[in-house]
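Enquirer: I'd like to ask some things about the structure below.
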Amino acid sequence: MRVNTLKRAAVAFALALPGAAIATVVAAPAAHADGCYTWNRTLTQGRSGDDVRQLQIRVAGWAGYRDIVENDGRYGPKTAAAVKRFQQAYGLRADGIAGPQTFAKLYQLQDNDCTPAHFSYSELDNGCGGSGWSGGPVSASQTKQNALRTMWKLEALRRGLGDKPLYVSSGFRSRACNNQVGGASDSQHLYGNAADVTSRTSSLCQIARNARNNGFSGLYGPGYPDHDDHVHVDSRRENNSDRSSNTTSWSAPDCGVGN
Ligand SMILES: [Zn+2]
């Protein structure tokens, strides 16, 4: 019966939330308790807060050509444009406003550990067979946070390629791991900020060309030394802990990709 169903839902909902949260939730457009993160208000330009920051992580891959979405918790024009591209990509009304429909799609895409549907922490921590998130130049929690943003960008890249699987052959590498595989001394892999990507269905050049739209400021592929069997993507512009300047660096000469 309808009444009983509603009552059961209300009880389950109340159990899932601590008392203090109820007042906020009552004003929300749609009740939803997500295992990872729940948004409690519609977000538009001018808003700021941790809920904006959480949104920015998830739309980072929809930054548009050669651009990035700052993870600053401020809903500016770039965040709105990224939300709009996300909405377009998933067939939602594209208004650049993050409301119930947009959040419903994000809930559908995110797993309980906040990773996107098609990528996992274990896949990003496979540099030398899985070593956890420590052993790099920044804290383990920062490294893991970087890896999460990398995955949301990869999810956007994957969507743009027609939902065809992508494989991460190397993600985070501790210093020891990076030395072992002969990585660059200040590699973005050390920060959880990079992924080496392959595919069985998309050509490496397709991946490299598409990735220019997904918030990746570092991009190396076919024609760049040692990058003929994978595409390297990273977020060097957002990395304030490395020694390089926060600029874009792209090179995949065989694919017509360059700075
Ligand atoms: Zn790489």
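Enquirer: Helix-only mean residue ellipticity at 222 nm, the chain, DSSP H runs n ≥ 4 weighted -39,500 (n - 2.57), per residue, nearest 500. What is it?
Expert: After summing the helix terms and dividing by residue count, I get -11000 deg cm²/dmol.
Enquirer: A further question follows. Over the Cα atoms of the stretch 82-177, Rg to Rh with Kirkwood Rh, two decimal places?
Expert: Taking Rg over the Kirkwood Rh, I get 1.04.
Enquirer: I'd like the projected area of the stretch 58-123, averaged over all directions, using the convex hull of its alpha carbons. Report it in nm² with one decimal.
Expert: If you wrap the Cα atoms of the stretch 58-123 in a convex hull and average its projections, you get 5.1 nm².
Enquirer: Once the Cα atoms of the chain are picked out, what are the Rg and Dmax in Å?
Expert: Cα-based Rg and Dmax for the chain come out at 19.4, 66 Å.
Enquirer: Shifting gears a bit: Restricting to the stretch 130-259, what percent of DSSP beta bridges are antiparallel, rounded to 5? Walk me through the numbers on the way to the answer.
Expert: On the way: 12 of 15 bridges.
The antiparallel proportion sits near 80 percent.
Enquirer: Do you know the relative contact order of the stretch 36-110, to the nearest whole percent, from alpha carbon pairs under 8 angstrom that are 6+ apart?
Expert: Values: 95 pairs, mean separation 24.2, N = 75.
RCO, the stretch 36-110: 32 percent.
Enquirer: Which distance in Å, rounded to a whole number, links the C-alpha centroids of the stretch 80-94 and the stretch 166-218?
Expert: Between the Cα centres of the stretch 80-94 and the stretch 166-218 lies a distance of 26 Å.
Enquirer: OK, next. At a Förster distance of 41 Å, what's the computed FRET efficiency of residue 122 paired with residue 248, Cβ-Cβ distance as r, to 0.05?
Expert: Efficiency for this residue pair is about 0.90.
Enquirer: Just to be sure I understand the model, the point goes 7 Å from the Cα along the line to the Cβ. What's the resulting residue 139 to residue 42 distance in nm?
Expert: The answer from the label model is 3.7 nm.
Enquirer: Another question, then. With an 8 Å cut-off on Cα pairs and a minimum separation of 6 or more residues, tell me the relative contact order of the chain in percent. Write down the numbers at each step before the final one.
Expert: Working: 486 pairs, mean separation 41.2, N = 259.
So the answer I get is 16 percent.
Enquirer: Report P(r) for the stretch 118-258: all Cα-Cα distances, bin width 10 Å, range 0 to the bin holding the largest distance, values in whole percent.
Expert: Over the stretch 118-258, the share of Cα pairs per 10 Å bin runs 13, 47, 35, 5 percent.
Enquirer: Quick one: of the DSSP bridges fully inside the chain, what percent are antiparallel, nearest 5?
Expert: 85
Enquirer: For residue 179 and residue 34, compute 0.36 nm times the residue count separating them, minus their Cα-Cα distance, and round to one decimal in nm. Working shown, then result.
Expert: On the way: separation 145, 0.36 × 145 = 52.20 nm, distance 3.97 nm.
That works out to 48.2 nm of additional length.
Every number in this text was worked out from the coordinates using simple rules, so none of it is lab data. Note that the structure is a prediction, hence the values are computed from the model and not measured. Positions of Cβ are generated from backbone atoms using ideal geometry, with glycine treated the same way; all protein chains shown enter the neighbour counts.
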